[in-house]
1. Radius of gyration and Dmax for region 46-205's Cα atoms, expressed in Å?
2. How long are the semi-axes of the equivalent ellipsoid of region 100-194, taking √(5λ) for every eigenvalue λ of the Cα gyration tensor, in whole Å from largest down?
3. Could you give the length gained by full extension between Ser114 and Phe164, i.e. 0.36 nm per residue of separation minus their alpha carbon distance, to one decimal place?
4. Cross-link partners among lysines for Lys70, C-alpha distance below 24 Å, same-chain residues fewer than 8 apart left out?
5. Between Asp172 and Ala133, how high is the FRET efficiency from 1/(1 + (r/R0)^6) when r is the Cβ-Cβ distance and R₀ = 25 Å? Nearest 0.05.
6. If I model a spin label as a point 7 Å beyond the Cα along the Cα-Cβ vector, how far apart are those points for Asp105 and Lys193 in nm?
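Computed from the coordinates by the stated procedures, all read-outs in this text should not be read as laboratory data. From a predicted model like this one, the values you see are computed outputs, not experimental measurements. Cβ placement follows ideal geometry from the backbone for every residue including glycine, while neighbour counts extend to all protein chains displayed.
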Amino acid sequence: MPDVMLSGGLSERRPARPGRPTWSTRLGALHAAGAFLATAALLAAGSLASCAGKARDPEFVPADYASWRKTTELRLDYPIPGHEDRLRVIRMNEAGFAVRPVMLDGRLRYDFPSGAVIAKEIYQGSSPAPGEAPVSITAMVKAPGDPRALGGWLWIAKDLSKPFPNETVFGDRFCVGCHANANERHPYGDRNKAEEFRDYVFFVPSAASPPIP
Ligand code: HEC
């Protein structure tokens, strides 16, 4: 599916604005650093060791998240950096679906409400067997008042391969840096050709595909 591959987006990329990293520089660095799942797993393991005995955050991704509506019906099994062609399924809670864009200075702008949670399941392969469980979840939790928030969101990885999966909140710009691409033209979904401000979310429900009943 070359239309959704990164190369497709790069070839039609507009000239870079001065001082702004582009897909190629951002993603080049990521490729050099290696697969992001491995990084997430390592960080999760490290934080588990260092946080032993300390109070743990309540679960950001509740147990019933799998009943939430999907944000897109597109089959996300095409390669993206860090996930290769592993199948991804994105779900969001109803607080998130309440988002309504506003027009500000001629640009459509989405600001997800506090309490919005988006959970992305990542499967081992591109075609999981019926009933197969995902291997990990990455999540975004809108919590602008939280000192760990970046771009208004908490960025969370949950490695489900562990017997007691813990949730790691990312404190660096690893996640938000790449998700800043969602606010400009990018190679995925409807590609955000109008460069709407989408609050760091690649698949906003009303823009990327009609809301799923
Ligand atoms: C190299 C770029 C990149 C990095 C780094 C990255 N993501 Fe993403 N993320 C994407 C893309 C592209 C999508 C669109 C869905 C897909 O194809 O998987 C996405 C989708 C998501 C979604 C679903 C909401 C949306 O934007 O549609 C969540 C949640 C998410 N990522 C969390 C994270 C977290 C947490 C991290 C850090 C651990 C992270 N991401 C790091 C590129 C990235």
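1. Cα only, region 46-205: 15.9, 51 Å (Rg, Dmax).
2. Listed largest to smallest, the semi-axes of region 100-194 are 27, 19, 12 Å.
3. 15.3 nm
4. Output for Lys70: Lys120, Lys142, Lys158, Lys193.
5. Working from the Cβ atoms, E equals 0.30.
6. With each label point 7 Å from Cα toward Cβ, the separation is 2.5 nm.
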